[in-house]
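Only one structure is covered here, and it is reproduced in the block below.
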Amino acid sequence: MRFIGMAPAWRPGEAKEKASCVVVLDERGGIVANAFAAGSGEISALVKAHAGEGRGVLVGVDAPLSVPNERGTRRVEKILAKLSLPAYSASRRMFDGKPFTEDLLAELEKLSVEYTDYLFPRDKGRWAVEVDSAATLKVLALERNGGKNDDLSERLKNIPESKFRKGNKETRADALKNAIGILWDTKGLRLRTGNLAADLKAEGNVDVSKLDVSAKLSHAELDKIVSLVEGTLAAYTVHRHWRGRDGSMVVGTGDEGSVLLAADEDLQARIAEECRAAKVPYV
């Protein structure tokens, strides 16, 4: 069984200009490999290389997979926004034609990896789901901070969203070091592995835990580390759900947009409240 996290360059202007990152975990949560690819065909080729004949594959795509709305925001985005959880805002009007992720899903279907809005834990099929790495990172930060007796909504609101995508190099580097520190301490994820090396110039198999992240790096190098972190978070999200421990849930439906979230029992209950009020499906 393999758990693949994708941090695709999907935003307008990115798809043909920037590389996407693919991170692969095994059943124990260990990082098997990571690599960079340009375009949906190359990404699919990386998945094929790790899928193997008869092997189950769960793919967490850190990008909007279902964008039915011509403008505005998707219903799932509105739910997550009320809870101070990050969500990708997407509409078809954003793109010059169809979203990049539709081409990506078409390529994955050739490998019998199909888009779904729900994965059954311990399922050994071949599925792709939408995840949000920023939401996963915030949930992990929430779980580190404890305070279960405090108001959950306030705790979520008080956890700042990571600033590693934009800003000056000092701000980005500090945010990346914080994110990597959280990943290092995440149970069910084996961040360090002998298969990877601390070589940011490599085309793949980069051990993000060994990198010297600082403002001395260029913005392009920081972008590469961002992709590695987001890909790892995406892979962890589907692996966490498959294990059936620690908690997860799906908000929304496939045709309208759905997101698989890492969430313990308390957070699940809080999200369910908002979903019921807005009549948005969840499971």
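Values as computed for the structure displayed
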{"read-out": "Candidates Arg192, Arg276 - the one that is within 23 Å of Arg2 (Cβ to Cβ) and either surrounded by fewer than 19 Cβ atoms within 10 Å (Cβ to Cβ) or under 18 Å from the mean Cα position of the chain (by Cα) (or both)", "value": "Arg192"}
{"read-out": "Single residue of the range 82-133 satisfying the filter (in contact with a helix residue (DSSP H, G or I) (Cβ under 6 Å, 6 or more places away or on another chain) and among the polar types (S, T, N, Q)) that is modelled with the highest pLDDT", "value": "Ser133"}
{"read-out": "Filter result for Gly244 (in contact (Cβ under 8 Å) with a residue 24 or more places away in the chain, of a type in the set (Gly, Ala, Ser), under 20 Å from Cys275 (Cβ atoms) and surrounded by fewer than 24 Cβ atoms within 10 Å (Cβ to Cβ))", "value": "no"}
{"read-out": "Any pair with Cβ under 6 angstrom, 6 or more apart, that starts in the range 28-44 at a residue that is free of Cβ contacts under 8 Å to residues at least 60 places away in the same chain and ends at one that is surrounded by fewer than 22 Cβ atoms within 10 Å (Cβ to Cβ) and among the hydroxyl-bearing types (Ser, Thr, Tyr)", "value": "none"}
{"read-out": "Top-ranked residue in the range 147-192 [being of a type in the set (Gly, Ala, Ser) and in contact with a Lys or Arg (Cβ under 9 Å, 6 or more places away or on another chain); ranked as modelled with the lowest pLDDT]", "value": "Gly147"}
{"read-out": "Within the range 1-117, helices (runs of 4 or more DSSP H) holding 2 or more residues that are in contact with an Asp or Glu (Cβ under 7 Å, 6 or more places away or on another chain)", "value": "39-51, 75-82"}
{"read-out": "Hits in the range 182-208 - residues which are touching a Ser or Thr at 6+ places or on another chain (Cβ under 9 Å) and small (Gly, Ala, Ser)", "value": "Ala198"}
{"read-out": "Which numbered condition Ala263 misses (of (1) crowded, with 18+ Cβ neighbours inside 10 Å; (2) at positive phi)", "value": "(2)"}
{"read-out": "Some residue of the range 107-123 being closer than 24 Å to Tyr236 by Cβ, of a type in the set (Asp, Glu) and either surrounded by 20 or more Cβ atoms within 10 Å (Cβ to Cβ) or within 15 Å of the chain's Cα centre (by Cα) (or both)", "value": "yes"}
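The values are calculated or read from the model by the stated rules, or taken from the named source; none is laboratory data. All values derive from a computational prediction rather than experimental measurement. Reconstructed Cβ throughout: ideal geometry from the backbone, glycine too, with neighbour counts over all protein chains shown.
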